Structures are given as C-alpha cells and as structure tokens.
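The values are calculated or read from the model by the stated rules, or taken from the named source; none is laboratory data. These numbers come from a predicted model, not from an experiment. We place every Cβ from the backbone using ideal geometry, glycine too, and count neighbours over all the protein chains shown. Ligands, DNA and RNA are excluded from the accessible area calculation, which covers all protein heavy atoms including side chains. Shrake-Rupley method; radii C 1.70, N 1.55, O 1.52, S 1.80 Å.
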Amino acid sequence: MTLATATPRSRKRSEPKGTDRKQTDYGAWFLVLPALIPILVLSVGPLLYGISLAFTDSQAGRTEPTAWIGTLNFQDLLHDTLFWDSFRIGLLWAIGVSVPQFLLALGLALLLNQNLRFRWLARALAIVPWAMPEVVVGIMWRLVYNPDAGILNETIRNLGLGEGRDWLTGLATALPAVIVVGIWAGMPQTTVALLAGLQNTPHELHEAAALDGAGAWRRFRTVTWPALKPVALAITALNFIWNFNSFALVYVLTNGGPGGRTRLPMLFAYEEAFRYGQFGYAAAMGCVMVAVISVMLALYLVGRLKGGDEQ
C-alpha cells in the first residue's frame with residue numbers, strides 16, 4: 001500500500017508548474033533563434049518579397065512608381081509559349097538527369113560496398129565531382145566538348161569514327177550533352193547516400209539468404225532493396241527538385257542555347273529579370289516554380305506517410 005500511494009504523489013511533485021513550462025518554452029525559443037533568424041532573413045523574407053513582386057508591374061529603369069496589377073503577370077504567363085517550352089525542357093532535364101543518375105549511383109554504391117582492394121581510394125575518387133563548384137565543372141566540360149581541341153572530338157578522330165562535332169551548339173546534341181554533365185556532377189551525392197543505406201543493412205540477412213540458396217539478384221530484391229528503399233526515394237525526390245532548379249551548370253555550358261534548346265525555367269526567369277528588366281514578370285515565373293516544387297514535396301511526403309503507415 002505504501003508504494004502504491006507513494007507513486008502518484010511522486011508523479012504530482014515531478015510535474016512542472018505553469019510558469020516553469022513557460023520558462024522552458026521561452027528557453028527553447030531562445031536557443032532556436034540564432035538558427036531561425038538567418039532563415040527568416042535570407043530565405044523566408046526574400047520569398048515573401050518575390051511573391052508580392054509578382055503582383056506588380058515592377059521593371060528596371062522605370063521612373064514611375066511600381067503599381068499593383070493583381071494577377072495580370074500570371075495571366076500573361078499562361079499564354080507565354082516560351083516559358084512553357086522552358087518548363088518542358090526543365091522536366092526533360094530533371095528526368096533525364098535524375099533517373100540515370102540514380103541507376104549509375106546504385107551500381108557504384110553496390111560496387112563500393114564490396115570488400116575490394118583499395119576501396120578507400122575508390123570511395124575518395126567517387127566524391128571528387130561533388131567537391132567541385134558547378135562553375136568549375138561547367139568550364140571543365142566546355143573544354144571536353146570543345147569542337148577543335150576537346151578531348152572528346154580528339155578521341156573520336158583518333159578512333160576513326162569521324163571528325164566529331166560541336167556538341168554544345170548543335171540543336172540535336174546540346175541537351176543530351178548537358179544532361180551527361182549533370183549526371184556526372186550529381187552522381188557522387190547519390191552514391192554517398194545509397195552507400196550509407198547499404199552499410200546500414202544487417203549483414204546477417206544477406207548471409208541467411210545466401211544459406212537459403214538465394215542468388216545475387218534475389219538477395220538484392222528481397223533483402224537489399226527493402227532496406228534501401230526509403231533512402232532511394234528520398235534522394236531521388238531531392239535530386240529531381242535540385243535538377244529542376246538547376247541554373248549555374250547550364251548557364252556556364254550553353255547559356256540556354258542553342259535556340260533555347262537548353263533554356264531551363266530558372267534561366268528563362270533570370271533572362272526576363274536581369275536581361276530585359278521585367279522583375280514582376282520574372283517573379284511570377286518564380287512563384288509558378290515554387291508552386292510546382294511544393295506539389296512535388298507534398299506528393300513525396302504523402303507517399304512517405306502512406307509507406308510508414310503500411311509498415
């Protein structure tokens with residue numbers, strides 16, 4: 001009886017009072033503020049300003065004050081075929097980079113997860129493109145694709161396969177050439193994420209499947225992939241969003257050319273804002289892209305929540 005009656009009393013004594021709870025909440029907010037203020041100032045603030053700018057006729061070099069025009073920019077955007085062409089190119093670019101990027105990174109991660117000689121060196125070399133700025137990557141690949149002295153055309157000539165071509169200015173080759181660079185530049189981060197997921201898979205499961213007579217493909221399908229699936233979905237969704245928002249790499253390689261064949265939505269918005277001075281119209285483009293990315297994130301989160309409920 002003594003223990004039974006003492007337990008509720010001890011619980012009542014340990015419960016914090018209302019003022020203590022408030023002090024704890026204030027202390028938690030005080031600790032979060034140093035990280036929250038830069039996000040509000042550098043991310044949320046510019047985002048809200050850009051959204052408000054989309055409903056104005058803001059232009060460069062105007063002497064008249066900026067006026068509120070409602071949804072006129074969005075109405076013009078609906079009938080802008082150039083923007084929707086860039087949107088289509090952006091989707092082709094994002095899919096063309098993200099899918100091969102994931103498949104190649106998965107194969108590389110499976111290889112680097114094996115007990116190979118000099119595995120540490122291979123892992124270090126695999127992340128080299130990740131450590132390079134996009135501008136440097138773009139300049140390097142422009143040299144590779146150079147029609148006169150580039151290593152790619154030189155190799156084609158030495159092998160007797162032809163005279164080569166100007167890869168970045170050809171209407172049929174510009175987008176595929178840029179996609180190859182995007183795959184090469186983004187594959188390391190995907191490889192690292194998948195390799196971390198592979199290393200978290202219990203080795204005992206593979207041993208048990210092997211003892212049951214399961215081959216390599218069956219072990220991958222029944223053991224490796226179920227454990228790797230959450231990481232694979234997360235990194236693929238993030239890669240798609242990053243690639244859709246890509247700017248610097250394509251800007252350095254082709255600047256959206258030739259003839260707009262590699263003009264991604266970000267490049268189109270950049271040109272409208274800083275080449276033609278249409279800040280309000282460019283902000284409307286940015287709002288559309290933010291809405292599309294938000295829908296992508298919502299679909300991904302819904303899929304994750306459904307997957308978690310099923311498990």
*asked:* Quick query: amide H of T56 versus all other amide H atoms, modeled in the peptide plane; which residues come in under 5 Å with a sequence gap of 5 or more or a different chain?
replied: I69
_Given an 8 Å cut-off on Cα distances and at least 6 residues of separation, report the relative contact order of the chain as a percent._
27
*Which ³J(HN,Hα) values, rounded to whole Hz and listed in residue order, are derived for region 112-119 from phi using the Karplus coefficients 6.51, -1.76 and 1.60 in 6.51 cos²θ - 1.76 cosθ + 1.60 with θ = phi - 60°, glycine and proline given as x?*
6, 7, 7, 7, 9, 6, 6, 5
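As a test of the formula, what do you get for the chain when each DSSP H run with n ≥ 4 contributes -39,500 (n - 2.57) and the sum is divided by the residue count, at 222 nm and rounded to the nearest 500 deg cm²/dmol?
Rounded to the nearest 500, it is -23000 deg cm²/dmol.
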*asked:* So I have (i) 28.7, 114; (ii) 19.8, 66; (iii) 26.5, 95, and one of them is Rg and Dmax of the Cα atoms in Å calculated from this model. Which one is it?
replied: (iii)
*Return the sequence-ordered ³J(HN,Hα) values of region 163-176 in whole Hz as given by the Karplus equation 6.51 cos²θ - 1.76 cosθ + 1.60 applied to θ = phi - 60°, using x for Gly and Pro.*
9, x, 7, 8, 5, 8, 10, x, 5, 8, 10, 5, 5, x
*Starting from the residue with the highest accessible area, list M289, M266 in decreasing order, probe 1.4 Å.*
M266, M289
*Determine how large the accessible area of H203 is when every protein chain is in place; take a 1.4 Å probe and give Å² rounded to the nearest 10.*
120
_Low-density loop cleavage sites - trypsin sites (Lys or Arg not before Pro) in region 177-279, where at most 10 other Cβ are within 10 Å (DSSP)_ = R275
*Within the chain, which is the longest segment containing none of the chymotrypsin sites (Phe, Trp or Tyr not before Pro) that sit in a DSSP loop and have at most 15 other Cβ atoms within 10 Å?*
119-246
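For L31 and D148 in one chain, what is 0.36 nm times their gap in residues minus the Cα-Cα distance, to one decimal in nm?
Once the chain is fully extended between L31 and D148, it gains 36.3 nm.
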